[in-house]
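This is the structure I want to talk about, given as structure tokens.
The values are calculated or read from the model by the stated rules, or taken from the named source; none is laboratory data. Owing to the predicted nature of the structure, the values given are computational and were not obtained by experimental measurement. In this analysis, Cβ positions are derived from the backbone assuming ideal geometry, glycine residues included, and neighbour counts consider all displayed protein chains.
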Amino acid sequence: MSTKPMKVVLVDDDEDDRMFFADALQEIELETDLQEFHNGQELLNFLNDSDLDHPQLIFLDLNMPVMNGFECLKKIRTNPKLKDLVVAIYSTSSSERDIEETFVNGANIYINKPNKFEELKKTIAQVVKRNWQYEENEMDKTNFLFRI
Amino acid sequence: MKFRLNYTPSELIQKVVAEQLNRMGVSFSFNELGQLVLDGKISGDIMAQITERLRKLGITLSEAGMNSIVGDIKNAIEELVYSEDIRKTTISVYLSNKLGYSYSYLSNLFSEETYTSIENFIILRKIEYTKRLILEEDMSLTEIAYKLDYSSVAHLSGQFKKVTGLTPTTFLRILQRRKTKNT
């Protein structure tokens, strides 16, 4: 068993959605350490300050004030220190165009925010438990696209 | 002219590692599990140099012990996915013969540590290999389905969609658009 909890970050401006997510994450059978931010700028400030301790997985909402998820994703992918982070877009949009654009701009995972708690728990578990194997293989990471 | 590169990853990696260690004058061998065995006592300084040289080539080292059985299963699966000959054997026979444990033991250990089954992991690795063949070898899905022993293109395509949530065509379009964007 892995000894260190998996570092997960959620960036979402909606307080209810953050609580819903945190509760669901806590209920899955994998130890995680969750940090929450309200917009893309807050996440970038955190990432730039924490060189050695980057999260293994970032859940990023698209529609947020100050800096939206799309801008934030572009900034992550163009920053040499951050470009390899695994980013999961976590949004209510199910537009095929939006989904493809986020992938083209470097998203690894696209998740449609589920409305039901059980569904959310299942979705998060699917992503979090799936991610481990890609941490160790740089070659696969660039081709790692996954949509739920 | 365009050429396909045919290679076995485990052999290629061993050759790369051997070249680096020979250059450093380190005495070593590879055991039957493909693990690197360093002979004699290695100082911390030399170990750091080895780690750094290999890291630059995208190769990381992890200490082998009881906890590395899962790592050995993963390596064995990697070989299985890449080798048409190995795929002719059943998975359980292949893994238990290669690693010297019963399949049920290996299977339980693997699920406990990775939260996925060996069978599912093989599917994931086959899809990763498919991606590589599409992108790097320019192979068609028909060719890949044949190479990886899928009963039909539809079966491969369906499995690809199930694992990635995307059709192979969408996947390829996204990667091509990414490439155009970055050049």
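Rundown of residues vs (1) at pLDDT below 90; (2) in the same structural domain as B:Gln14 (by TED's automatic domain parsing), yes/no style:
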position: B:Gln49; (1), (2): yes, yes
position: B:Lys56; (1), (2): yes, yes
position: B:Asp72; (1), (2): yes, no
position: B:Ser104; (1), (2): no, no
position: B:Glu136; (1), (2): yes, no
position: B:Asp149; (1), (2): yes, no
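Taking region A:56-80, which residues are of a type in the set (Asp, Glu) and more than 10 Å from A:His38 (Cα to Cα)?
A:Glu71
Restrict the check to region B:13-28 and report whether at least one residue is closer than 26 Å to B:Asp149 by Cβ and either modelled with pLDDT of 90 or more or out of contact with any helix residue (DSSP H, G or I) (no Cβ under 7 Å at 6 or more places or on another chain) (or both).
Yes, that holds for at least one residue.
Here's a follow-up. Considering only region B:124-183, state which residues are more than 11 Å from chain A (Cβ to nearest Cβ) and hydroxyl-bearing (Ser, Thr, Tyr).
B:Ser140, B:Thr142, B:Tyr146, B:Tyr150, B:Ser151, B:Ser152, B:Ser157, B:Thr169, B:Thr183
If you don't mind, there's one more thing I want to ask. Could you tell me how many of the residues in region A:30-74 are touching a residue at least 60 places away in the same chain (Cβ under 8 Å) and assigned to a loop (DSSP other than H, G, I, E, B)?
Qualifying residue count for the region: 2.
Would you please name the residue that is farthest from the other protein chains (Cβ to nearest Cβ), looking only at residues in region A:122-148 that are modelled with pLDDT of 75 or more and assigned to a loop (DSSP other than H, G, I, E, B)?
Selected residue: A:Phe144.
Just for region A:82-121: of the residues that are within 13 Å of chain B (Cβ to nearest Cβ) and closer than 26 Å to B:Val70 by Cβ, which one is modelled with the lowest pLDDT?
Out of the qualifying residues, it is A:Asp84.
Let me ask you something else. Select from region B:93-102 the residues that are at pLDDT 90 or above and under 29 Å from A:Leu30 (Cα atoms) and write down the one among them that is surrounded by the fewest Cβ atoms within 10 Å (Cβ to Cβ).
Looking at the filtered set, the residue picked out is B:Ser102.
Then there's this: If a residue has to be surrounded by 16 or more Cβ atoms within 10 Å (Cβ to Cβ) and either touching a residue at least 24 places away in the same chain (Cβ under 8 Å) or part of a helix (DSSP H, G or I) (or both) to count, how many in region B:160-183 make the cut?
Final tally of qualifying residues: 10.
Out of curiosity, is B:Ala48 farther than 30 Å from B:Leu95 by Cα and not in a loop (DSSP other than H, G, I, E, B)?
yes
Still on this model: Between B:Leu156, B:Leu109, which is buried (at least 16 other Cβ atoms within 10 Å of the Cβ), assigned by TED's automatic domain parsing to the domain that holds B:Asn75 and free of Cβ contacts under 8 Å to residues at least 60 places away in the same chain?
Only one candidate qualifies: B:Leu109.
Which of the residues that make up region A:17-53 are more than 23 Å from A:Glu118 (Cβ to Cβ) and surrounded by fewer than 16 Cβ atoms within 10 Å (Cβ to Cβ)?
A:Asp33, A:Gln35, A:Asn45, A:Asn48, A:Asp49, A:Ser50, A:Asp51, A:Leu52, A:Asp53
Sticking with this structure for a sec: Among the listed residues A:Arg97, A:Arg77, A:Arg18, identify the single one that is assigned to a helix (DSSP H, G or I) and in contact with an Asp or Glu (Cβ under 8 Å, 6 or more places away or on another chain).
None of the other options fit; the residue is A:Arg18.
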